[in-house]
Structure formats: C-alpha cells, structure tokens
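The values are calculated or read from the model by the stated rules, or taken from the named source; none is laboratory data. Predicted model only: the values in this text are computed from it and were never measured. Ideal geometry is used to build each Cβ from the backbone, glycine not excepted, and the neighbour counts take in all protein chains shown.
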Amino acid sequence: MTLDNSATNSTPRSHLGKFLRAELLPILTDLRLAIVLLLAIAFFSASGTVIEQGQSIEFYKANYPTDPALFGFLSWKVILTIGLDHVYRTWWFLSLLILFATSLTACSFTRQLPALKAARNWKLYDQPRQFQKLALSAELDNASLSSLTQLLQQKRYRVFQGEQDNLYARKGIAGRIGPIIVHIGIVIILAGAIWGAMTGFVAQEMVPSGESFQIRNIIDAGPLAAPQIPKDLALKVNRFWIDYTPTGSIDQFYSDISALDRQGQEVKRKTIFVNQPFRYRGVTFYQTDWGIAAIRIRFNNSPTLQLPMAALNTNGNGRLWGTWIPTKTDLSEGVSLLAKDLQGTLLIYDAKGQLVDTLRAGMATTVNGVTLRIVEVVGSTGLQIKADPGIPIVYAGFGLLMLGVVMSYVSHSQIWALEKDGHFYVGGRTNRAQVAFEREMLEILDQLTQKQEIKL
C-alpha cells in the first residue's frame with residue numbers, strides 16, 4: 001500500500017497562504033477599496049469635528065434631542081450608541097485606519113516595489129525592431145555611441161554600455177521611489193493616529209487664580225493612556241485676568257502658569273491665552289474658559305475672609321455667580337451676593353430678595369449693622385489639557401508624504417541606442433512630462449547630428 005504524498009504534504013498553512021494570495025490579496029490591493037476606505041475615514045473624521053467630542057450625556061440630550069432628531073435620525077441615542085461622541089477612539093474607526101494601512105502596504109509590496117525593481121533592472125536592445133515599440137525613436141545614418149554617451153551624461157543620465165555596440169541610459173529613478181515613500185508616509189500617519197487614540201487623553205480643570213493643581217479631571221482617554229498621564233506634574237496658576245473692551249465685553253482672558261518640580265520650584269513659566277497654549281513634558285494646556293471662584297471680604301476690622309462662589313442656572317440668559325455671606329456668627333442672618341464678571345458691579349440682596357446695595361471691588365457698605373468690604377473678586381481659569389503621543393509620529397509621516405509627493409513629480413526617462421549594420425538606432429520613453437521629454441530627445445538628436453557633420 002502506498003500513500004499519496006501530495007495529500008500528506010498539503011497542510012492547513014499552505015492552504016491559508018494560497019487563500020491569502022489568491023483571494024484576499026487582490027481585494028486588499030484593489031484601488032476601489034482604497035478609495036472607499038479613504039472616503040469613509042474622511043466622512044467620520046468630519047463628523048468628529050462637527051459633533052462635539054467627549055461631552056456629558058446631558059449635553060447630548062440637550063443639543064441632540066430625539067424629537068425632532070437632527071436630519072430625521074441623528075439623536076443623542078444614535079450618537080452614544082455608535083460612538084460619535086468619541087469617534088477617533090471607537091473600534092470601527094480604528095479598524096478603518098488599520099484596514100486602509102493594510103491596503104496601502106499590500107499595494108506597495110505587490111505593485112510599487114515590483115515596479116521599482118523593474119525600473120532598476122535595465123535591459124539592452126540588440127535588435128532594430130525593438131525600437132519600434134518605443135513612443136519616440138529615430139534611425140540615423142551617421143552617429144556614434146561615444147558622442148551619444150557624452151550628450152546623455154551632460155543631461156545627467158546614467159549610462160550603461162553594452163558589449164554589442166548598444167547602450168541604455170536612465171534618469172529620474174526617484175520618480176519610481178516617490179510613490180513608495182508616499183505610501184510609507186500615509187501608513188506612518190495612520191500609525192501615529194492610532195497610537196495617539198490609544199494613548200492620548202483629554203482633561204479639564206477649573207483652577208482659581210493663585211492656586212496649584214495637578215491633572216485629575218480626565219474626561220476622555222485611550223485604553224493605554226494611564227502611563228501617559230503624569231502623576232507627579234504640579235502646576236500653579238500665578239494669576240488669571242481678563243481684558244475688557246471699552247464697551248464692557250471680554251476682549252481676551254489670560255493665565256500666567258508655572259510648572260513646578262517636586263520641591264515646588266518653578267521650572268517653566270508662560271502666560272497663555274486663546275490659541276497660545278503652554279506645553280510641558282508632552283502635555284498641552286489650552287485657555288478655554290473662565291469663571292469666578294471666590295469673593296474675598298472683610299467685616300469691620302476683621303481679617304480677610306474668602307468665600308466660594310458658585311455658578312447659577314440662568315437658563316441660558318448669560319453667566320452669573322453667587323454666594324451667601326453670613327452677617328452674624330451664628331449664621332442666623334446674611335445677605336446674598338451676585339456677580340457676572342470680574343470687573344462689573346456686585347449686587348447684594350437681603351433675605352427677602354430685596355436689593356440692598358451695589359458695590360465694586362474695594363468698596364464697602366453697611367448691612368445688618370456690620371461694615372462689609374469687598375476686597376477682591378477671585379477669578380478661575382478653565383484649562384483644557386491634552387496629550388497626544390502620536391503627534392510626532394504623524395508629523396514624521398507628513399514629512400515623508402510631502403517628500404514622496406515631490407519625488408513622484410520627477411520623470412523617469414529611459415533611452416536606448418544600437419549601432420548595427422551601418423545604422424544607428426536611438427529611442428526612449430518616459431512616464432510623465434511627455435512633451436518635455438520629446439523636446440529633450442529632439443535636442444539630443446540635433447546635437448548628435450551636428451557633431452557627426454563637424455567630424456565629417
């Protein structure tokens with residue numbers, strides 16, 4: 001009894017390899033798939049820009065109600081179910097990036113690298129009929145390979161001389177390398193985006209002026225972001241202030257921030273404002289909001305006291321902060337104080353809701369038999385804190401992408417020549433800039449003819 005060796009040698013691994021090459025690889029390298037993936041990535045990236053990311057459920061309920069739903073279907077339930085509130089970290093968006101990167105990589109190995117290899121493996125022509133296949137060719141009666149070689153070298157061609165009175169010349173091999181560099185750049189960009197989504201985080205902090213803080217309030221983070229969050233990073237808001245226009249509206253708000261070492265010593269300091277962030281140890285601090293943190297007051301000749309102020313619900317009618325100030329030690333009596341900004345008038349109301357007085361910082365009034373002096377309104381700065389370790393990778397990918405695009409514009413030009421039976425054959429082709437190549441070829445032929453006439 002004999003065994004069928006072909007059956008025994010057929011392993012699951014070989015079947016898998018054949019399936020990948022015959023079935024999966026043509027799909028991955030299909031240009032239509034790449035276009036569909038690119039459009040899908042662009043669409044969902046745009047949706048992540050339009051739809052606010054990382055907000056609370058209440059925010060989405062208020063801005064994307066179910067009745068009426070935006071466009072008839074986009075409600076807060078759809079947004080939270082699909083993950084449109086954190087598009088760039090959803091499994092399906094990351095899958096699109098990985099699939100697109102895989103498609104580009106497969107295309108590079110199956111098309112771009114073989115094309116580069118074919119361009120580097122030159123071949124000499126030894127038969128006149130071979131020149132008939134070229135886009136541009138000519139037959140001369142009097143010419144020489146040595147004269148043509150000099151002309152080609154002057155035009156920066158690399159010349160390869162054959163043993164049968166023939167030659168091959170080329171230039172612009174970078175034009176064949178360019179598309180590969182473009183693909184590598186895009187893959188690196190996608191890798192950087194994936195790494196940033198997995199390891200980056202976003203935090204928000206509301207810090208009173210003069211206070212120190214650490215990053216605690218994380219509102220969005222990737223699954224691998226924990227090691228990236230600096231636990232020992234301490235910062236201090238030295239001062240927060242607002243510049244107002246002559247009409248009383250806010251012109252700009254500023255935060256003077258210092259980074260501190262473990263001993264509390266300042267190691268870096270910067271004043272930030274909108275679109276001018278503070279960067280330290282891979283973390284970026286943006287000025288995004290402001291508020292009123294506290295009010296500093298004095299009763300008669302007492303030391304300065306600081307009372308916190310809270311934001312009040314105005315149903316969308318501006319911003320307002322308030323606090324209750326006791327005027328007796330047993331807290332049996334007191335007044336309410338309201339403020340809408342750091343420089344405006346402070347309103348004082350009694351227990352019956354009647355307006356008692358209006359003050360500004362530095363002024364005093366008498367309420368319930370005591371002198372109440374407003375020392376300072378303490379502002380708080382709203383900081384958005386971001387870290388994206390994938391940004392340097394993305395920048396490197398963009399650099400390669402731009403380099404590859406420039407290289408892709410370089411024409412890959414090839415010229416062949418053959419001297420046989422008293423005839424001189426020359427021809428060439430290029431992959432782009434056809435008109436410029438034709439002019440160059442005609443110039444070479446004219447100079448070659450002129451040289452032969454001078455010799456004769």
Go through (1) modelled with pLDDT under 85; (2) surrounded by 15 or more Cβ atoms within 10 Å (Cβ to Cβ); (3) touching a Lys or Arg at 6+ places or on another chain (Cβ under 8 Å); (4) not aromatic (Phe, Trp, Tyr) and name the single condition THR345 misses.
(2)
Quick one: which of LEU235, LEU190 is buried (at least 19 other Cβ atoms within 10 Å of the Cβ) and closer than 30 Å to THR105 by Cα?
LEU190
When you go through VAL370, VAL406, VAL377 one by one, which is the residue that is of a type outside the set (Lys, Arg) and under 30 Å from the mean Cα position of the chain (by Cα)?
VAL406
Candidate set: the range 109-121, residues that are closer than 27 Å to GLU163 by Cβ and surrounded by 14 or more Cβ atoms within 10 Å (Cβ to Cβ); chosen: the one nearest to the chain's Cα centre (by Cα)
LEU116
Residue check for ALA234: among the aliphatic types (A, V, I, L, M), touching a residue at least 12 places away in the same chain (Cβ under 8 Å) and under 16 Å from ARG279 (Cα atoms)
yes
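Hey, which of the strands (runs of 3 or more DSSP E) in the range 164-274, taking only ones fully inside, have at least 1 residues that are hydroxyl-bearing (Ser, Thr, Tyr), more than 23 Å from the chain's Cα centre (by Cα) and farther than 30 Å from PHE424 by Cα? Step through it out loud before you land on a result.
Working: elements: 166-171, 201-208, 218-221, 234-244, 250-260, 266-272.
Here the list reads 234-244, 250-260, 266-272.
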Would you kindly identify the strands (runs of 3 or more DSSP E) lying entirely within the range 355-456 that contain at least 1 residues that are within 30 Å of LEU342 (Cβ to Cβ) and hydrophobic (A, V, I, L, M, F, W, C)?
355-359, 364-367, 370-387
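Return yes or no: is VAL335 under 30 Å from PRO389 (Cβ atoms) and β-branched (Val, Ile, Thr)? Steps first, please.
Values: under 30 Å from PRO389 (Cβ atoms): no; β-branched (Val, Ile, Thr): yes.
The answer is no for VAL335.
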Does ASP141 qualify as being on the phi > 0 side of the Ramachandran plot and either in contact (Cβ under 8 Å) with a residue 40 or more places away in the chain or not assigned by TED's automatic domain parsing to the domain that holds TYR425 (or both)?
no
Qualifying positions in the range 157-188 - at pLDDT 90 or above and charged (D, E, K, R)
ARG158, ARG170, LYS171
Given PHE131, PHE201, which one is surrounded by 17 or more Cβ atoms within 10 Å (Cβ to Cβ), of a type outside the set (Gly, Ala, Ser) and under 29 Å from LYS386 (Cα atoms)?
PHE201
What is the one condition in (1) more than 18 Å from THR358 (Cβ to Cβ); (2) more than 38 Å from the chain's Cα centre (by Cα) that ILE297 does not satisfy?
(1)
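I'd like the residue in the range 107-140 that is in a loop (DSSP other than H, G, I, E, B) and in contact with a helix residue (DSSP H, G or I) (Cβ under 9 Å, 6 or more places away or on another chain) and, out of all such residues, is nearest to GLY422 (Cα to Cα).
Quick first cut of the range 107-140, residues in a loop (DSSP other than H, G, I, E, B) only: 121-127, 134-135.
With the extra rule that they be in contact with a helix residue (DSSP H, G or I) (Cβ under 9 Å, 6 or more places away or on another chain), the set shrinks to 125, 135.
Numbers: TYR125: 16, ALA135: 23 Å.
It comes out as TYR125.
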Of the conditions (1) farther than 18 Å from ILE194 by Cα; (2) surrounded by 15 or more Cβ atoms within 10 Å (Cβ to Cβ); (3) free of Cβ contacts under 8 Å to residues at least 60 places away in the same chain, ALA106 clears all except one; give me its number.
(3)
